[in-house]
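Here the structure is laid out as structure tokens; the discussion comes afterwards.
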Amino acid sequence: MTTVVLKPKKEESLLRQHPWVFSGAIARVALDKDYPYDAPREGELVQVRAASGDVLGVGHWQVGSIAVRILAFGVDALPKDFWRERIAAAYLVRRMLQLVREDNDTYRLVHGEGDFLPGLIVDVYADTAVVQAHSIGMHYARHEIAEAILNTVPAVRNIYYKSDDTLPFKAQIDGDRIGWLITNHQSPITNSDEFWSTENGLQFRIDWLRGQKTGFFIDQRENRALVERYAKGKDVLNMFCYTGGFSLYALRGGARRVDSVDVSQKAIDLVNVNVARNFPDCTCHKAVAADAFEYLDAQRAENHTYDLIILDPPAFAKHRDAIKNALRGYQRINAKAIRQIRPGGILFTFSCSQAVDKEAFRLAVFSAAAQVGRRVRILHQLHQPQDHPINIYHPEGEYLKGLVLYVE
Ligand code: SAH
């Protein structure tokens with residue numbers, strides 16, 4: 001196996017179980033005598049050693065600033081049954097969290113570094129798991145991973161692979177980035193239109209074939225449940241609604257009206273399907289395809305206000321260099337929303353940009369409140385749910401944060 005030797009002292013973060021080796025920390029790469037190439041192949045397993053020669057772990061080699069993502073510490077080869085053990089450990093936690101229930105078959109089974117599997121995401125929707133690789137190493141391990149999931153999670157019968165948006169675009173890799181890894185349907189599903197998954201008793205159509213990410217945003221489950229608690233009798237705006245997760249919980253919580261807004265018409269079609277499925281007699285829901293900023297400006301022009309607004313925008317900053325603009329974006333959209341809240345109303349506001357930390361986000365929302373000049377109190381500070389755990393040695397895994405504000 002190829003050996004990566006670190007510069008002196010560069011082993012410290014690995015000894016603290018941080019799973020990334022940066023390219024700048026590497027002193028040299030030693031290839032086996034009969035290795036056929038002059039550099040490691042992207043995605044292959046490599047051994048990492050300290051300058052002293054001590055074994056630090058094994059991981060996937062990657063081209064870029066993160067050169068190795070460690071899968072197992074303190075060993076020079078992957079233990080036998082590695083994938084099975086890790087997937088089983090992840091499943092055990094989801095069961096302990098009581099996420100695997102008759103009225104809840106939607107959960108994240110593997111959350112990358114948070115489950116000690118850097119570069120791997122697995123979401124479970126009823127009898128189908130959607131696997132997403134963020135590293136070439138995970139791409140090459142996909143069949144072993146699929147096998148391990150099938151053998152571990154009794155409900156899962158089909159495994160779909162969806163890594164077209166997540167693997168490095170330029171990488172030359174063998175094998176498809178998208179498609180079924182395992183299917184036990186008589187004929188493979190080519191159309192996810194009739195596929196339903198249940199979250200806390202609410203049914204969602206999951207479009208893993210064409211949808212964003214793996215098809216659904218599981219990470220807002222707990223925060224949606226909180227919206228349900230506040231929704232009774234309220235006029236609700238669910239901005240950036242995508243499949244309408246927050247809208248369904250608000251309706252179940254007894255909202256008087258719910259308006260769902262998203263710029264994507266496909267998302268709006270999905271919301272309508274989901275509302276019709278769960279609340280066939282509902283006449284108090286409306287879904288609108290519109291830009292968030294324009295929609296809120298139009299509400300202001302018409303003097304139309306809401307009791308409860310949810311703002312769950314896409315990541316405004318995908319990279320560190322975009323942070324400033326992102327913060328401006330958060331301030332602008334939050335100011336517009338705060339303006340449209342009736343006295344005594346509530347704003348649920350979120351950021352899923354990993355690059356924007358919770359202090360920076362809070363400052364942006366503070367600036368928005370100050371700009372509008374309303375009296376605002378923080379009722380809750382929200383974050384990602386338990387099935388998106390944060391490895392304590394890898395604080396970079398924290399990404400979702402939210403505030404619930406009471407606006408006088
Ligand atoms: N709240 C959703 C997830 C939101 S994802 C849930 O609980 O599932 C972000 C959504 O914002 C996407 O559906 C995207 O289509 C939408 N979006 C992106 N830019 C937008 C804009 N300018 N105006 C309105 N919606 C936008």
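The values are calculated or read from the model by the stated rules, or taken from the named source; none is laboratory data. All figures in this text were calculated on a predicted structure; none of them were measured in a lab. Cβ atoms come from the backbone with ideal geometry, glycine included; neighbour counts cover every protein chain shown. Note: accessible area is taken over every heavy atom of the protein model, side chains too, but ligands, DNA and RNA are not part of it. Shrake-Rupley method; radii C 1.70, N 1.55, O 1.52, S 1.80 Å.
Under 1.5 on a/c is rounded, so check that first for segment 49-190, then, if it is not, pick prolate when a/b is larger than b/c and oblate when it is not; a ≥ b ≥ c are the square roots of the alpha carbon gyration tensor eigenvalues. The partial results should precede the final answer.
On the way: a/c = 2.23, a/b = 1.41, b/c = 1.58.
Oblate, because a/c is 1.5 or more while a/b does not exceed b/c.
Multiply the residue gap between Glu144 and Arg101 by 0.36 nm, knock off their C-alpha separation, and tell me the result in nm, one decimal place.
Separation in residues times 0.36 nm, less the Cα-Cα distance, equals 12.9 nm.
Counting only protein chains, not ligands or nucleic acids, how are Glu102, Glu113 ordered by accessible area (probe 1.4 Å), most first?
Details: Glu102 180, Glu113 25 Å².
Final ranking, largest accessible area leading: Glu102, Glu113.
So which trypsin sites (Lys or Arg not before Pro) in segment 1-96 end up in coil per DSSP with only 12 or fewer other C-beta atoms within 10 Å?
Of the trypsin sites (Lys or Arg not before Pro), the ones in loops of segment 1-96 whose Cβ has at most 12 other Cβ atoms within 10 Å are Lys9, Arg16, Lys33, Lys80.
Which of the GluC sites (Glu not before Pro) found in segment 206-311 are in a DSSP loop and have at most 14 neighbouring Cβ atoms, other than their own, within 10 Å?
Loop-located and lightly packed - Glu302.
Report Rg (one decimal) and Dmax (nearest whole number) for segment 115-259, counting Cα atoms only, units Å.
That works out to 17.3, 55 Å for Rg and Dmax.
Can you work out the accessible area per residue across the chain, with the rest of the protein chains kept in place, probe 1.4 Å, in square angstrom? Working shown, then result.
Numbers: 18650 Å² over 408 residues.
Accessible area per residue: 46 Å².
Out of segment 225-330, which trypsin sites (Lys or Arg not before Pro) are coil in DSSP terms and have no more than 15 other C-beta atoms within 10 Å?
Lys232, Arg256, Lys318
Restricting to DSSP H runs of at least four residues, report the calculated mean residue ellipticity at 222 nm for the chain, -39500 (n - 2.57) per run over all residues, nearest 500 deg cm²/dmol.
About -8000 deg cm²/dmol.
What order do Trp196, Trp180, Trp208 take when sorted by accessible area (1.4 Å probe), most exposed first? Present the calculation step by step, with values, prior to reporting the outcome.
Numbers: Trp196 40, Trp180 60, Trp208 0 Å².
Largest accessible area first, the list is Trp180, Trp196, Trp208.
Can you give me the Cα centroid spacing of segment 195-227 and segment 13-43 in angstrom?
38 Å
Under 13 Å from a point 7 Å along the Cα-to-Cβ line of Leu31: which residues of segment 37-77 have their amide N that close?
37-42
Between Gly114, Gly245, Gly175, which gets the highest mean-square fluctuation from a Gaussian network model of the chain, Cα cutoff 10 Å?
Highest fluctuation among the options: Gly175.
When only the heavy atoms of the protein chains count and the probe is 1.4 Å, how do Arg205, Arg377 rank by accessible area, highest first?
Listed by decreasing accessible area, they come as Arg377, Arg205.
In whole percent, and with a 1.4 Å probe on the protein chains, what portion of the accessible area of segment 217-407 is carbon and sulfur? All intermediate terms of the calculation are to be shown ahead of the outcome.
Working: 4380 of 8490 Å².
Exposed carbon and sulfur together represent 52 percent of the surface.
With helices defined as uninterrupted DSSP H runs, which ones in the chain have an alpha carbon span along their own long axis of at least 18 Å and mean Kyte-Doolittle hydropathy of at least -1.0?
In the chain, the long hydrophobic H runs are 82-96, 265-278, 323-339, 358-372.
If I model a spin label at Arg84 and Asp297 as a point 7 Å from the Cα along the Cα→Cβ vector, what separation in nanometres do I get?
6.0 nm
Using just the alpha carbons, could you tell me how many Å³ per residue the convex hull of the chain encloses?
Measuring per residue, one finds 149 Å³ for the Cα hull of the chain.
Output the peptides 55-63, 19-27 sorted from most to least packed, where packing is the average of other Cβ atoms within 10 Å over each peptide's residues.
55-63, 19-27
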